[in-house]
Structure formats: C-alpha cells, structure tokens
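Everything on this sheet refers to the single structure shown next.
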Amino acid sequence: MKQYTANVKKGKEVIEHYLNELISQGTSHVPRWTPARVREEDACSQAVLGDPDSLEVDGPSSSQSPVCEMVGTDGDKLDADYIERCLGQLTPMQESCLIQLRRWLQENHKGKIPKDQHILRFLRARDFHLDKAREMLCQSLSWRKQHQVDLLLQTWRPPALLEEFFAGGWHYQDVDGRPLYILRLGHMDTKGLMKAMGEEALLQHVLSVNEEGQKRCEGNTKQFGRPISSWTCLVDLEGLNMRHLWRPGVKALLRMIEVVEDNYPETLGRLLIVRAPRVFPVLWTLISPFINENTRQKFLIYSGGNYQGPGGLVDYLDKEVIPDFLGGECMCNVPEGGLVPKSLYLTEEEQQQSDQLCQWRETYQSASVLRGAPHEVTVEILEGESVITWDFDILRGDVVFSLYHTKQAPRLGSGEPGAKAGRQLTDRGWASSTDYSCVEAPLICREGESIQGSHVTRWPGIYLLQWQMHTPPGSVVEDVLTALHSPGPRCKLLYYYEVLASEDFRGSMSSLESCTSGFSQLSAATSLSSSGQSHSSSLVSR
C-alpha cells in the first residue's frame with residue numbers, strides 16, 4: 001500500500017507539473033482524448049459492414065456504412081454488441097473459430113482480408129470445421145481474384161436481350177426482412193437464351209444476381225437493425241415442360257449451381273417453389289444430387305392451387321407484396337420471358353469460337369435414318385416406374401419417333417448395345433401387341449425441330465426408341481437392302497437419352513403429390529410408395 005500511495009503521489013506531481021506548464025503558456029482548455037481511429041487496411045472486418053458478401057477492394061469505398069463499428073476489445077473475443085448487430089447469434093465455439101480463421105488469414109493470405117460476415121458464411125457452410133472452411137474460403141478468394149468478381153456490379157451490364165427474356169428480378173422482401181428474388185422459370189426459354197447468349201453470359205448474370213443479393217442484404221441490415229445475410233427466392237414453375245430439360249441447358253444449370261455453392265455459401269435463406277407441374281420430378285431428380293444437403297433443406301414446394309391460403313405464401317410474404325401474377329395485389333415488374341426468336345441465335349461460327357457448339361455436340365450421338373431402315377436404340381429397364389428421357393434435334397429430313405416395349409430382347413450383334421445406326425433392331429417377324437407394343441404415340445418431327453420428352457415405364461424389360469423416315473401417304477416404302485444401296489434421301493439427327501432410377505423418381509413424385517395443401521420441404525430422402533401412374537410427354541421446340 002505504501003508503494004501504491006507513493007506511485008499515485010508521484011503521478012499527481014508529474015500531472016501538476018505539466019498542467020502548470022500549459023497554464024504558463026496560456027493554454028486554458030485541452031480537448032478530451034479519444035483513441036486513434038484504426039486504419040482501414042488494418043481493420044480486417046472491424047470498421048464497417050459494407051457488402052456482407054464482397055471483399056474489400058483497394059482504395060476507399062463509397063458503399064461502406066458505419067453499421068458495424070467495432071469488432072472487439074481484444075484479439076480473443078468479439079464485442080457482444082457487434083455480434084448482435086452484425087453477425088447474429090454465435091456460440092463461444094463459433095466465435096472462437098471465426099477469430100482463429102481471421103487471424104490465420106491475416107498471417108498467411110496475400111491481399112485484402114474478407115470481412116467477418118464473409119468468413120462466417122464459409123464456417124457455417126462447413127459446420128464450423130476450421131480446416132474445411134479455410135480450404136473452401138481460400139479457393140473462393142482465388143476464384144474471385146481470377147475473375148474480378150469484386151468489380152462485377154460496376155462492370156457487368158446485362159444485354160438488352162437478357163433484360164427482355166430473362167424472367168427474373170428483385171421484388172421487396174419476405175416477412176423476415178430478407179431481399180426477395182422472383183424467378184418465373186416456367187415462362188423462360190432457357191434453350192433460346194443459351195443459343196442466343198451463350199453459357200458464359202448467363203453465368204455472369206447469375207453471379208451479378210448473387211452479388212446484388214448481398215448488397216441488398218446490407219441495405220436491409222441497416223433498415224431493420226439486425227443482421228440479414230441471406231435472401232429468399234420465389235420460383236414460379238407455371239409453364240415448365242420438357243423443353244426446360246434440354247441437356248446442354250441442364251448441364252449449364254448444374255455448373256452454375258456448383259459455382260454458386262462454392263463461392264456464395266449460406267446466402268440462400270429459403271427457396272419457395274409454386275405451381276409445380278407433373279414434369280417437375282424429372283427435373284428435380286436430375287439436379288438434386290448436385291445440390292448440397294444443407295441447401296436442399298431450404299427448398300420448399302407447393303404444387304397445389306391454393307397457395308395464398310394458410311400454409312401458403314402468406315406464411316412467408318406479406319400480403320402487400322404477393323405478385324399480381326400469383327393472385328396478389330402487388331404489381332410485379334419481373335419480365336414475363338417468352339420464346340427467344342431464332343433470328344437472335346448465335347451463328348454456328350460464333351458458337352464455335354466459344355467452343356459452345358463442340359460442347360453441345362459432345363453430349364449427343366449422331367444417326368442417319370434411311371428409307372425403310374429406321375434407327376433404333378435399346379434401353380433395358382430393370383424395374384417399373386423408371387423414367388426414360390430423350391432429347392434430339394432433326395438436322396435433315398422429316399422423321400417419325402416412336403417408343404416401344406418388347407417382351408424379348410432384339411438381336412444386337414457386336415459393338416455397343418442399343419446404338420446400331422442404319423439398321424432395324426426389331427425382328428420383321430414380330431407381331432404388334434404380341435412381341436412388342438407401342439407405348440408412345442408416333443410423333444412426326446420436321447427438319448430443324450428440337451424434341452424433348454420423357455416416359456414413366458409401367459413394366460421392366462426392353463424399350464426401343466425408334467426414328468424412321470417420314471413417308472407421306474401413298475408413297476411406297478422400299479425394303480432395307482434397296483434403301484442401303486439406293487442414292488435416295490436420308491435423314492440426320494443428333495440424339496441423347498437417359499434413364500432416371502425408379503427409386504429417385506418415386507421419391508420426387510411422392511413429394512410433389514404431398515405438397516398440395518402447404519409448403520413442404522424437398523429433401524434427399526425418397527419414398528418407397530409409388531404414385532401408381534404412368535406419365536409421358538413429348539414437346540416440339542420451334
């Protein structure tokens with residue numbers, strides 16, 4: 001105590017000495033001391049919220065906001081008020097993971113350090129497994145730098161064609177304050193957009209939507225005074241048909257899903273699906289295996305018509321913002337979409353320059369159809385209620401497409417099963433309804449048309465996809481040998497087919513049929529019960 005008293009007395013003497021010196025110099029007032037402001041480049045994610053999803057860029061940013069001013073009082077603990085206003089609820093373990101990962105980035109990462117909100121999303125995506133989150137985040141930081149994603153909102157301007165035919169846009173917010181994005185997928189010509197814009201342009205647009213989403217989350221965080229780091233997507237599937245299952249389009253969609261999940265984790269709060277038609281389970285079966293389970297749990301579907309009643313949209317959107325095309329009172333400015341005119345398609349030369357045409361043709365097999373010599377493909381189905389899907393383009397001539405089920409396997413010979421071009425696989429001695437039966441009504445396909453379709457199989461066995469030259473009424477059909485040696489016309493086509501497993505499709509179908517009275521979650525689990533119905537469809541794209 002004597003030592004403490006002596007130190008206080010000495011300190012008082014020192015202070016009085018300097019005060020007297022100031023008074024002798026004529027200084028009568030000294031402003032209250034405040035700590036020096038931390039430099040922006042050393043603040044990491046401390047000073048401002050800015051865009052919760054973007055990285056800090058060189059130079060001052062006009063979009064920064066004083067929403068989150070302090071990270072903490074020391075390096076091992078975050079300020080409780082900062083957590084509440086900017087990050088949301090965190091356990092001590094989660095807070096520790098965030099601090100450790102931020103510290104690792106400060107010591108090892110070359111370049112600007114992402115904000116806490118950005119780091120936290122990657123931790124949540126990997127269930128706060130520190131090593132996995134660090135690996136995912138570092139890969140994303142490298143991707144953002146390589147593609148200059150931080151500048152995307154300043155540099156990307158969607159072409160006029162996208163603004164007219166891309167049926168998606170922002171529309172107020174949901175009941176939780178999340179920004180709301182509406183996508184009228186059923187009204188959008190995805191194939192036409194791909195052929196007119198190319199895959200890269202569509203990917204750029206999807207990335208700009210995600211960047212804009214995080215910018216809107218920033219605005220809503222300031223508006224509502226609580227952390228909002230994700231947005232809601234409302235998908236209207238009215239009009240969805242087999243045209244949307246064009247294989248290059250599905251592949252492009254899967255690529256976009258992969259890019260978004262790798263670089264924008266935990267940005268989707270929920271995805272509401274309304275007016276899903278019976279073709280939806282086919283699309284869902286194709287894409288769901290490529291969607292992360294955490295993301296898949298955020299998919300909610302309502303296939304019934306009373307989606308404005310209890311258990312419907314009113315549980316997630318205020319009545320005042322339900323779009324007019326869904327029966328609400330709010331005018332929605334989202335473009336209606338529609339078919340893209342073929343006159344706007346890229347030329348073959350433009351497609352080849354981007355390697356797009358080559359990529360599309362790698363998906364398909366080619367075939368020639370001669371007079372009297374149909375091209376047939378065998379598909380073996382091991383269990384009923386599997387789904388056969390097909391997609392083909394008629395390059396030259398007119399053909400008739402049919403689907404048959406046989407009670408015995410055709411003689412295939414050597415080579416790849418079911419891909420014998422230029423000869424008939426079925427035996428000419430077979431009798432209709434005895435040896436085989438037609439399960440898809442013959443469809444006349446004209447030159448230049450693109451056809452997509454699917455068939456839910458009733459029985460296991462061998463199915464035959466058949467293309468034969470269309471013969472006008474009254475003309476004579478020549479036999480196979482004459483057709484092979486004659487210089488007459490032939491048809492050309494590119495085709496693709498795929499079989500979806502019965503178990504996967506049954507689960508999707510059961511999920512759809514159970515979602516008629518309220519929103520239900522789409523999960524990875526499948527139901528063992530079957531719908532007991534067969535469904536088939538073919539669509540001609542013109």
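The values are calculated or read from the model by the stated rules, or taken from the named source; none is laboratory data. Everything numeric here is computed off the predicted structure, so don't read it as measured data. Every residue, glycine among them, receives a Cβ derived from its backbone with ideal geometry; neighbour counts consider all protein chains shown. Protein only, heavy atoms only, side chains kept; ligands, DNA and RNA dropped before computing areas. Shrake-Rupley method; radii C 1.70, N 1.55, O 1.52, S 1.80 Å.
Straight Cα distances below 22 angstrom link K10 to the lysines K2, with same-chain residues fewer than 8 positions distant left out.
Note on T155 and C138: the extension gain reaches 3.7 nm, defined as 0.36 nm multiplied by sequence separation minus the Cα-Cα distance.
About the centre of its Cα atoms, the range 206-345 shows a dipole size close to 420 debye [charges on the beta carbon of Lys, Arg (+1) and Asp, Glu (-1) only; nearest 20 debye]. What does the charge add up to near G507, with Lys and Arg as +1, Asp and Glu as -1, over the other residues with Cβ less than 12 Å from its Cβ? Cβ neighbours under 12 Å give a net charge of -3. For H17, the accessible area of its heavy atoms, probed at 1.4 Å with every protein chain present, is near 110 square angstrom.
Could you sort out which of K215/K298; K215/K342; K110/K195 sit more than 32 Å apart by Cα distance in this structure? Walk me through the numbers on the way to the answer.
Numbers: K215/K298 21 Å; K215/K342 35 Å; K110/K195 40 Å.
With Cα atoms farther than 32 Å apart: K215/K342; K110/K195.
The heavy atoms of R361 offer some 120 square angstrom of accessible surface to a 1.4 angstrom probe.
Counting only the backbone N, which residues of the range 282-317 are under 15 Å from the spot 7 Å out from the Cα of E503 toward its beta-carbon? In the range 282-317, the label zone of E503 (backbone N under 15 Å from the point 7 Å along Cα→Cβ) covers 289.
Accessible surface area normalised per residue over the range 80-147 is 52 Å², counting heavy atoms of protein chains with a 1.4 Å rolling probe. Accessible area of K77 (1.4 Å probe, protein heavy atoms only, ligands and nucleic acids ignored): about 120 Å². Going through the cross-link list K251/K319; K222/K251; K251/K492, which pairs have a Cα-Cα distance over 28 Å in this structure? Distance filter (> 28 Å) returns K251/K319; K222/K251.
Calculated on the Cα set of the range 151-343, radius of gyration then Dmax: 16.2, 50 Å.
For the range 151-343, give the percent of accessible area contributed by carbon and sulfur heavy atoms, probe 1.4 Å, rounded to a whole number. Walk me through the intermediate numbers first.
Numbers: 3870 of 7520 Å².
About 51 percent, which is the carbon plus sulfur part of the accessible surface.
State in Å² the accessible area per residue of the range 151-343; use a 1.4 Å probe, count heavy atoms of protein chains only, and round to the nearest integer.
With the other protein chains kept in place, the range 151-343 gives 39 Å² per residue.
Note on the range 80-147: with neighbouring protein chains present and a 1.4 Å probe, carbon and sulfur make up 46 percent of its accessible heavy-atom surface. Based on C-alpha pairs under 8 angstrom that are at least 6 apart in sequence, the range 151-343 has a relative contact order of 29 percent.
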